[in-house]
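Report on the following structure.
Since every read-out is calculated from the coordinates, none of them should be taken as a lab result. Computed from a predicted structure; not experimentally measured. Cβ placement follows ideal geometry from the backbone for every residue including glycine, while neighbour counts extend to all protein chains displayed.
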Amino acid sequence: MASLLENNDWAAHTYTPVPLGVPTARVIVVTCLDHRLDPARILGLEPGDAPVIRNAGGRVTESVITDIAYLGFLARQVFAVEGPLFEIAVIHHTQCGTGFLADPDFRDRAADATGVSPQRLAATKVDDPSATVREDVERLLAAPSLPPGTSVSGHVYDVDTGRVTMVLEAASGR
């Protein structure tokens, strides 16, 4: 961590704070925590552009849905946003480490090591990112707490090419 703190010391010299407010890109990114993915770099985001929610696989979980509902609440209540709110871009990727969870033996060993049930682990696997991103877009669109004025799109990031491909165009939930 020492070298990273040195990097921060250097970065702090040119730092310009971003005021709390509505994200300028009006996008919320949901993606994987994989260290090969840097959402800011692959999407050209700057501080203040878009919240990024990351977890293993970039899956839409109850926790992700809750975070999105709260961001929608903030936008409406604190910043008085009216009309269209956000597009939520769900981005899965090729070669995801959660793909190993498709193997029942691996999944059982992971369950033993983590204390997470094999069923819950199976729900997080991304072995076919085009299929799983579709599942997650549908899950999010069906969520009762999805803020009104929110649309959801699905994408796949190819770790070999650095390209993001749209799988599902933005659609509104309610």
*Would you mind classifying region 94-137 by shape? Square roots of the alpha carbon gyration tensor eigenvalues, ordered a ≥ b ≥ c; an a/c under 1.5 is rounded, otherwise it is prolate if a/b is larger than b/c and oblate if not.*
prolate
*Listed residues 117, 130, 153, most fluctuating in the chain (Gaussian network, C-alpha, under 10 Å)*: 117
_Based on alpha-carbon centroids, what's the gap between region 141-174 and region 64-83 in Å, whole number please?_
18 Å
*Report, by chain and number, residues whose modeled amide H sits under 5 Å from the one on residue 53, excluding near sequence neighbours (fewer than 5 apart, same chain).*
29, 30, 31
_Prolate/oblate/rounded label for region 1-90 (Cα gyration tensor, a/c 1.5)_ = oblate
_Ellipsoid semi-axes in whole angstrom, largest first, where each is sqrt(5λ) of the Cα gyration tensor of the chain_ = 27, 23, 16
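Highest mean first, how do 132-143, 38-49 rank when packing is the count of other Cβ atoms within 10 Å averaged over residues? Show your work: numbers first, answer last.
Numbers: 132-143: 20.1, 38-49: 14.7.
In descending order of packing, they fall as 132-143, 38-49.
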*Taking the Cα-to-Cβ direction at residue 80 and at residue 163 and moving 7 Å from each Cα, how far apart do the two end points lie in nm?*
4.5 nm
*Apply the Karplus parameterisation 6.51 cos²θ - 1.76 cosθ + 1.60, with θ equal to phi minus 60°, to every residue of region 20-26 and state each ³J(HN,Hα) to the nearest whole Hz, in sequence, with x for glycine and proline.*
5, x, 5, x, 5, 7, 6
_When the expected Rg is taken as 2.2 N^0.38 Å, what fraction or multiple of it is the alpha-carbon Rg of region 68-121?_
1.85
*Mind putting a number on the dipole of region 55-174 about its Cα centre? Charges go on the C-beta only, +1 for Lys and Arg and -1 for Asp and Glu, and I need it in Debye to the nearest 20.*
280 debye
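Can you work out the FRET efficiency for the pair residue 170 and residue 20, with r the C-beta to C-beta distance and R0 = 25 Å, to the nearest 0.05? If you can, show how the numbers build up before the last one.
Working: r = 26 Å, r/R0 = 1.03.
For residue 170 and residue 20, the calculated efficiency is 0.45.
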